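Student: Just dropping this structure here.
Any read-out appearing in this document is the output of simple, stated calculations on the displayed coordinates, not a laboratory observation. A quick note: this is a predicted structure, and the numbers were derived from the prediction, not measured. Here the Cβ positions follow ideal geometry from the backbone for every residue, glycine too, while neighbour counts run over all protein chains shown.
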């Protein structure tokens, strides 16, 4: 089987291997176990892999470079206009050679892939829509267009679209799905330390306005002001880092709030294992990986009511759904901190739910999609 991936993920070549963002590549390596040849169409960067990059695991990868592009400014619109024919051309010829076409959405490259795949109605196709599938959510028009095309069984034939959550008005193309990070062998009953000595919070995600790391800091700051022994570890990099550093410095939080940058999977895993709460006050998510991962290790999730998050948290029974009102949200967390039995019960419920979604189960579902 010749498997073609159309992706917006940036790639770097090192030691004759192609590297990309670890969570994406880790997932794709599961798909690639069941294919003979791989064509990857995506952006390429010069440089060295970062700590959060890992290589594809396949002996026969044909990488086809396309220029990165966006429509974020007038200048970029003009430049992108001249890049589009090259991108369409590369995607078209890759799809023409494919036995199975796989799109990674949403994204600018995914949008072009959605358009070009209509020229190949008989080819077997899958798409992973990693964003919020909720049609009522506020999203860029390019995301809405991708969802409209993918959801249409007229425009998109022979396609299984993997989307997070169950939503109304879904076509037969759409298959509710999940993602996984940890294996069956890693399952453990949560055994969290006493909250009386130290309350540990963790945030894992890009430090950008959309992930709202500042709200996570302000939330934990309230407990510090109340003289509770609380700390917050943030993992990730992004455009908000300087503003976060400045806020931490101005408010004398250096001994309580720690910006750890990008770290590898094992470091993040250890952080979850010793933390009591995982926070993600994000404005938009698909399946928030950080929340599912933290829950796997018994962290009580604290997250916004977006996408399939209410389902993941059982509408508040195995986590805290943020109101984005500091006073109300602090009160919700305090109620759990002050009741150890409640904390332990919710921690076990969180772990029990997340541990259903292991890499073995994920691989079994992927294998079915490729071989059915």
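Student: How would you rank 269, 192, going from fewest to most other Cβ atoms within 10 Å of each one's own Cβ?
Tutor: Numbers: 269 16, 192 21.
With the sparsest Cβ surroundings first, the list reads 269, 192.
Student: Same structure again: Please report, to two decimal places, log10 I(q)/I(0) for the stretch 48-127 at q = 0.20, 0.27 Å⁻¹ as given by the Debye formula with identical point scatterers on the Cα atoms and no solvent.
Tutor: Taking Cα atoms of the stretch 48-127 as identical point scatterers yields -1.04, -1.31.
Student: For the stretch 97-186, list log₁₀ I(q)/I(0) at each q in 0.24 Å⁻¹, using the Debye formula over Cα point scatterers of equal strength and ignoring solvent, two decimals each.
Tutor: Log-scaled intensity ratios, in q order: -1.24.
Student: Rank the residues 93, 141, 297, 167 as a footprinting-exposure proxy: fewest other Cβ atoms within 10 Å of their Cβ go first. Working shown, then result.
Tutor: On the way: 93 15, 141 8, 297 26, 167 18.
Neighbour counts put them in this order, fewest first: 141, 93, 167, 297.
Student: Here is a further query. Taking the chain as a Gaussian network, where each spring joins two C-alpha atoms under 10 Å apart, which residue of 261, 210, 47 fluctuates the most?
Tutor: Taking springs between Cα atoms under 10 Å, the residue moving most is 47.
Student: Based only on the alpha carbon positions, what is the Kirkwood hydrodynamic radius of the stretch 1-99, in angstrom?
Tutor: Details: mean 1/r = 0.0699 Å⁻¹.
Its Kirkwood hydrodynamic radius stands at 14.3 Å.
Student: Same structure again: What 222 nm value per residue comes from the helices of the chain, counting each DSSP H run with n ≥ 4 as -39,500 (n - 2.57) and dividing by all residues, nearest 500 deg cm²/dmol? Intermediate results must be reported in sequence, preceding the final value.
Tutor: Values: 12 runs with 140 residues, N = 372.
Roughly -11500 deg cm²/dmol at 222 nm, from the helical runs in the chain.
Student: Using all Cα-Cα distances in the chain, what percent lands in each 10 angstrom bin from 0 up to the longest?
Tutor: 5, 22, 31, 25, 13, 4, 0
Student: Still on this model: Running a GNM on the chain with Cα contacts under 10 Å, which residue among 146, 273, 222 ends up with the highest mean-square fluctuation?
Tutor: Looking only at 146, 273, 222, the largest GNM fluctuation is found for 222.
Student: On to the next question. Taking 45 Å as R0, compute the FRET efficiency from the Cβ-Cβ separation of residue 61 and residue 326 and round it to 0.05.
Tutor: Values: r = 48 Å, r/R0 = 1.07.
In this case the efficiency is close to 0.40.
Student: Say R0 is 22 Å: what FRET efficiency, to the nearest 0.05, do residue 152 and residue 1 get from their beta-carbon distance? It would help to have the intermediate numbers written out before the result.
Tutor: On the way: r = 26 Å, r/R0 = 1.18.
Efficiency at R0 = 22 Å is approximately 0.25.
Student: Ranked highest first by the average count of other Cβ atoms within 10 Å around their residues, in what order do 116-123, 337-344, 147-154 fall?
Tutor: Working: 116-123: 15.6, 337-344: 13.8, 147-154: 18.0.
Per-residue Cβ counts within 10 Å, averaged per peptide and sorted highest first, yield 147-154, 116-123, 337-344.
Student: Now for a different question. Run through all the Cα pairs of the stretch 143-253 and give the fraction in each 5 Å bin from 0, expressed as whole percent.
Tutor: The percentages, shortest bin first, are 2, 9, 13, 12, 10, 12, 12, 12, 8, 6, 3, 1, 0.
Student: Based on the Cβ-Cβ distance of residue 305 and residue 229, what FRET efficiency does E = 1/(1 + (r/R0)^6) give at R0 = 30 Å, to the nearest 0.05?
Tutor: Working: r = 29 Å, r/R0 = 0.98.
Approximately 0.55, to the nearest 0.05.
Student: Once the Cα atoms of helix 359-371 and of the chain are each reduced to a long axis, what angle between those two axes, in degrees from 0 to 90 to the nearest 10, is obtained?
Tutor: The two axes meet at around 20 degrees.
Student: Sorted by mean Cβ packing within 10 Å, highest first, what order do the peptides 349-355, 235-241, 224-230 take? Display every interim value, and only then the final one.
Tutor: Values: 349-355: 21.6, 235-241: 17.4, 224-230: 14.1.
Listed from highest to lowest mean packing, they are 349-355, 235-241, 224-230.
Student: If you wrap a convex hull around the alpha carbons of the stretch 327-368, what volume per residue comes out, as a whole number of Å³?
Tutor: Details: hull volume 3.3 nm³, N = 42.
Spelled out: Cα convex hull of the stretch 327-368, divided by residues, is 78 Å³.
Student: Just to be sure I understand: with springs between alpha-carbon atoms less than 10 Å apart, which residue in 127, 243, 22 has the highest mean-square fluctuation in the Gaussian network model of the chain?
Tutor: In the Gaussian network model the winner is 243.
Student: In angstroms, what radius of gyration and Dmax does the stretch 15-168 have, counting Cα atoms only?
Tutor: Reported Rg and Dmax, both Å: 15.9, 47.
Student: Please report 330, 79 as a ranked list, fewest other C-beta atoms within 10 angstrom at the top and most at the bottom. Display every interim value, and only then the final one.
Tutor: On the way: 330 18, 79 14.
With the sparsest Cβ surroundings first, the list reads 79, 330.
Student: For helix 74-97, report the angle its Cα long axis makes with the longest principal axis of the Cα atoms of the chain; keep it between 0 and 90° and round to the nearest 10°.
Tutor: Value to nearest ten degrees: 60.
Student: On to the next question. What is the Cα radius of gyration of the stretch 184-354 over 2.2 N^0.38 Å, N being its residue count?
Tutor: Numbers: Rg = 14.6 Å, N = 171, 2.2 N^0.38 = 15.5 Å.
Relative to the rule-of-thumb radius for its length, the stretch 184-354 sits at 0.94.
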